[in-house]
Amino acid sequence: MKRLLTAFSVLAIINLLGIVGAAGWLVATQRLSKERLDAVREILHQTIPEEQAAMEAAAAAEAEAQEAEKADDPVGLDRNEPLPPNPPVPAETLVAMQRDDAQANEFRAQRAEREGSVLSQTTTQVFRQLDRERKEFEAERERFERRKAGIAAMQGDEQFQAALSVLTSVKPADAQAMLQEIIEGRAGSLSVDDPADLSGMDRAVAYLDEIDEMIRGKIMAEFVKESPTVAAELLERLRTFGLMAEATGTQTP
């Protein structure tokens, strides 16, 4: 009996040494670590029926998740797949698009042509208006030059000075009556060389401009009695007559 116990003890020690040696070899060859021991302990902690039940529960949960995804996406598209390319455009649609583009281009061309025509017409009208204004200005300038020449001739005429002496020697009412006849064109020209461009109003103003200021005031008072309108026009002509006389180089008293 004692020998039998001794034999069992020796076998146990040998097995223990083998286990320790195997564990040492696994550690030395990096085949065993604390994490792997924990994993083995976790595996052995659960029985085989419990492991099968857990696997079946996980499979059922995955199936339910797939069913839920199908319910959310009834078409069954895979959201990870790229979208399909755009379908080809039918030939009829391409022809219609090309026709629309051609019509749009034609419309733009017609509009540009109309705008160009309007611009050309406007430019022509502007140039015509400028040409008319230039001609009117030239005609006015020529009339002004003729009037300047007439004033110069009038101021240097000896007969003008003689007629002026007569006007200053008569009564203001008589002088006003004579000047009124000149204004209305019934007295003829001041002299033989008197230009025809000078109106009767210009001739009357030429007389008044040369008359003494006191006598001129009395004559203007007579004009006011007879016609305030004529008197006002004579007054305005007297104002501008000095400017014209300066343009001719003559002096007014």
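Read the figures in this text as sums done on the coordinates, not as results from a lab. This one's a predicted model, so the numbers in the text were calculated from it and none came from an experiment. Methodologically, a virtual Cβ is constructed for each residue, glycine included, from the backbone with ideal geometry; neighbour enumeration extends over all protein chains shown.
Taking R0 as 35 Å, what FRET efficiency do you get between residue 128 and residue 157 from their Cβ-Cβ distance, rounded to the nearest 0.05?
Values: r = 43 Å, r/R0 = 1.24.
So the FRET efficiency works out to roughly 0.20.
If I stretch the segment between residue 236 and residue 164 completely, what's the gain in nm (0.36 nm per residue apart, minus their alpha carbon distance), one decimal? Walk me through the numbers on the way to the answer.
On the way: separation 72, 0.36 × 72 = 25.92 nm, distance 2.08 nm.
Full extension from residue 236 to residue 164 adds 23.8 nm.
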Next on the checklist: To make sure I understand the rule: partners must be aspartates and glutamates, Cα under 17 Å from the Cα of residue 171, and not fewer than 8 residues away in the same chain. Which ones qualify?
Outcome noted: 181, 210, 212, 213, 222, 226
Checklist outcome for this item: Counting only DSSP loop positions in segment 1-74, the trypsin sites (Lys or Arg not before Pro) whose Cβ has at most 10 other Cβ atoms within 10 Å are 31
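For an R0 of 41 angstrom, estimate the FRET efficiency from the Cβ-Cβ distance between residue 9 and residue 31 and round to the nearest 0.05. Intermediate results must be reported in sequence, preceding the final value.
Numbers: r = 30 Å, r/R0 = 0.74.
Once the sixth-power term is evaluated, E becomes 0.85.
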